[in-house]
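The values are calculated or read from the model by the stated rules, or taken from the named source; none is laboratory data. These numbers were taken from a predicted model, which means no experiment stands behind them. Using ideal geometry, Cβ is built from the backbone for each residue, glycine included, and neighbour counts are taken over all protein chains shown. Heads up: the accessible areas ignore ligands, DNA and RNA and are worked out on the full protein's heavy atoms, side chains in. Shrake-Rupley method; radii C 1.70, N 1.55, O 1.52, S 1.80 Å.
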Amino acid sequence: MIKRGPSLDGEAAQHAGQAHALAILHAALDAVITIDHLGRVLEFNRAAEETFGYRREDVLGQELAELVVPPELREAHRQALARWTAAGPTAGAGGLLGRRIEVQAMRSDGSEFPAELAISRVDVPGPPLFTACLRDVSERKSAEDRLRSAEFRFRTLVEQLPLISYVDSSESSVSKPRYLSPQIESILGRTVEEWLSTPHLYEDSIHEEDRERVLAEKLAAYELGEALRLEYRMVAADGRIVWVEDRSVFVQPPDGGSAFRQGIAIDITARKQAEDSLRQAEARYRTLVEQLPLTVYIDRVDASSSNIYTSPQIEPLLGYSTEDWISDPNLFVKVLHPDDRDRVLAAHSRTHATGEPLNIEYRLLSRDGRTVWIHDEARLTADPAGSEPVVQGYLLDVTARREAEELLRHQAFHDPLTGLANRALFTDRVEHALVVHERIGDEAAVLFLDLDDFKAVNDSLGHLAGDELLRAVGLRLRDALSPRHTVARLGGDEFAILVEDARGAPAAVHAAELVVGALPAPFDIEGREVFVTASVGIAVGRDKEELLRSADVAMYRAKASGKAQYVVYAPRMDEHVVGRLELVADLRRAHIEEFVLHYQPTVELATGKIVGFEALVRWQHPTRGLLQPSDFIPLAEETGRIVEIGRWMLVEACRQTARWRAALAGSETLWVSVNVSTRQVRRPALIEDVLQALEDSGLAPDALTLEITESVLAHRREEMAIILDEVAGLGVRLALDDFGTGYSSLSLLQDLPVHTLKIDRSFVHSLDIGPERRAFVKAIVDLAHALELTVVAEGIEAPAQTVELQRLGCRYGQGFEFSVPLEAHALEELLASRRTLSARRPEAA
């Protein structure tokens, strides 16, 4: 009897085992492929299907190399398989079997990917089988690539930074670096390898004066795990001293790895050198500041401008020490002059609020009670030592300048000869009076008076006697009239009176009667009795120009009617202007050949040596004879003819001077001065005229001086200053004529390229009056010397004036004492015969 049971059970068990094995194979996460010795696929699990994109039933029996191996690797695969088959069960297949290796695999769509492969040989009866276990490592490789890229970028970044990066052990010892960036070699001269391999190299390289401090602070920070920031010196391999800023922090990796110190060291040698240079510069600056002739200060931005720093010059200026200013925040307010306090504090507040620069002048009261004028200039700036802005500025003692300006201001509105109001002040008073009278519906009254036959006094007794007479007349007019009235000298022998009385015309007539009655009494002039009368014109009106013109017309009518009387203006008097209009018409028609130049020498007062001359124009009128400048220059100004006349004067004066300098021995350094009017000072006319005159004559630019009066700058001052700057740029010199008779100020002299001041004849003639008059001249001379300007005195007519001017420091002068203005041929004879002039008057040619 045949028993089949066990046989069937064995087969079932075999099938069950195979099923279990297949189930396990398909449950594997990695791709598992079984091939025979020829490389044909015997088994292909689900993970393999997903990995390579093939279905199992499609690949069974197919050559694996054709399915999953890139074409360029298939032959190598086949050769390796043949070697593994031939090697036998114990040969190890060339060392690859049983190990995981990385290979390049291929999917069904031809795309390649990196894979991790493990191959096992299965020895069965007959040729062996091989099982390949393969895992797609694309994501892992991509992550590794990204990590390597990031590490490369980080390392590249770190090693390109202008600093040393380092990683230290977190232990207490500070000399065990784990990493150093290569910049350490360029900064300290030793390679990374030297630093990592040489014991105590770091400690030994710290400057000996810093070593103990640095190591102590590092040790403490490392032990406590605190952040560290140090600045210290290190000694480079070549002996250089290198300042470093060393910063590090304690780092505990989030993955639980060992802690470490991460830090940077920056080369701050340049910064330290700059700081040292800055300290030296600050020391030099402080020394410089404390030697300046002014006080430098730094104030807080608060209500009282309390002080942070004041240079020591403040003590001799005001008597308060620098400690006084810092300790008493209200000292500045206390020493401000009461009349200036509100204005100054408002200016300071405006600077604090808006940042507007401060530029102000005011008075301070010194400890000993003196009043000191201060020029205060400051700006709001950021405080390098703090976040709040501060005011930085300087105080300049301008007391002397203020006193000089006050003197000049008085001169600007007062006649220097008589002390009376001058034309500017008189005109201002008239304007004010017209406003007052208009409010009450009344008219203002003005008197113009001209001394009769005054020229005869000048001609017979000289200008000094004439000046003394003018002073005496001014004094008598003041004594005769009420103090309410304004008495002014307009120029020459012309006076004017503003009648400050509500009665208008009757009050004016009464004032005229007082004037006419007061003058006939004799004047004692140089021990002689001199008699003088006046012709007075009276006008009443509401318009300034009409009022002054009418008074002038009435005055001329009084003179024409017999003198020594007063006349009230009537409209028919305008007929007298016909003669003036005729002269204007003649001037318009005049040929340039009718004008001639006379030359008045300028001499060195100490020696009488002729150093130059002033060119003065005359008009040879066809019927009226030789006219003086005062007869036609004002009309030329009004009509504009002055431009042509002035241009001709420049050309002729330059031509004549150049000829004399070339032809006459000893005349090579002579210079000529030419007056220019307001109308001439226009761009580009004046520049072109000067250039043309110099070019045509060949005269050196520094041999030409242009004389201007302060009135030239009365209007459009900035424009005029620019033009005169251009003229001076040519090398031509500029002189301020009649200095002190207009509105003079230091700013005028600072703004203009002036080389010479000409003291007006009225100051020269008043030298013998007393100390006050001499003080005027002394002030002008001292001012000129302080500004390094040449001074020339005009109108010198007596030896005593020459002596006094020399005593006051004036070097040059001109006037009748030396020579009247001469025609060209007469001056040429004088230059040819002698170069000096004694105190006597040559006859005019």
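Here the spin labels are modelled as points 7 Å beyond Cα on the Cα-Cβ line, and at A227 and E604 they lie 7.9 nm apart. Of the trypsin sites (Lys or Arg not before Pro) found in the range 339-406, those that fall in a DSSP loop while having at most 13 other beta-carbon atoms within 10 Å are R367, R370. For the range 449-495, averaging the sequence separation of C-alpha pairs within contact (under 8 Å, six or more residues apart) and dividing by the residue count gives a relative contact order of 47 percent.
Can you list which of the GluC sites (Glu not before Pro) found in the range 272-313 are DSSP loop residues with at most 16 other C-beta atoms within 10 Å?
Details: sites: E275, E282, E290; in loops: E290.
Here the sparse-neighbourhood loop sites are E290.
Straight-line cross-link partners of K272 among the lysines, defined as a Cα under 30 Å from its Cα and at least 8 positions apart when in the same chain: K176, K218. Here's the list of lysines a cross-link from K758 could span, going by alpha-carbon distance under 30 Å and ignoring same-chain residues fewer than 8 apart: K455, K609, K778.
Each of M649, V68, V435 was scored by the projection of its Cα onto the charge dipole of the chain, and the greatest displacement toward the positive side belongs to V68; charges sit on the C-beta of Lys, Arg, Asp and Glu. Is the chain best put as rounded, prolate or oblate by its Cα gyration tensor, with a ≥ b ≥ c the root eigenvalues, rounded for a/c under 1.5, and otherwise prolate when a/b is larger than b/c, oblate when not? Prolate is the answer for the chain, as a/c is 1.5 or above and a/b outweighs b/c.
Surface composition of the chain: carbon plus sulfur atoms contribute 54% of the solvent-accessible area (1.4 Å probe, protein chains only, all chains present). Near the amide H of S169, within less than 5 Å, lie the amide hydrogens of K176, R178, R261, all on another chain or at least 5 residues away, with H placed in the peptide plane. Normalised by the number of residues in the chain, the mean separation of alpha-carbon contacts (under 8 Å, six or more apart) gives a relative contact order of 6 percent. Antiparallel beta bridges, as assigned by DSSP with both residues in the chain, represent about 80 percent of the total such bridges.
For the chain, with every protein chain kept in place, what is the accessible area per residue (1.4 Å probe, Å²)? List each step's numbers first, then the result.
Values: 42450 Å² over 845 residues.
Accessible area per residue: 50 Å².
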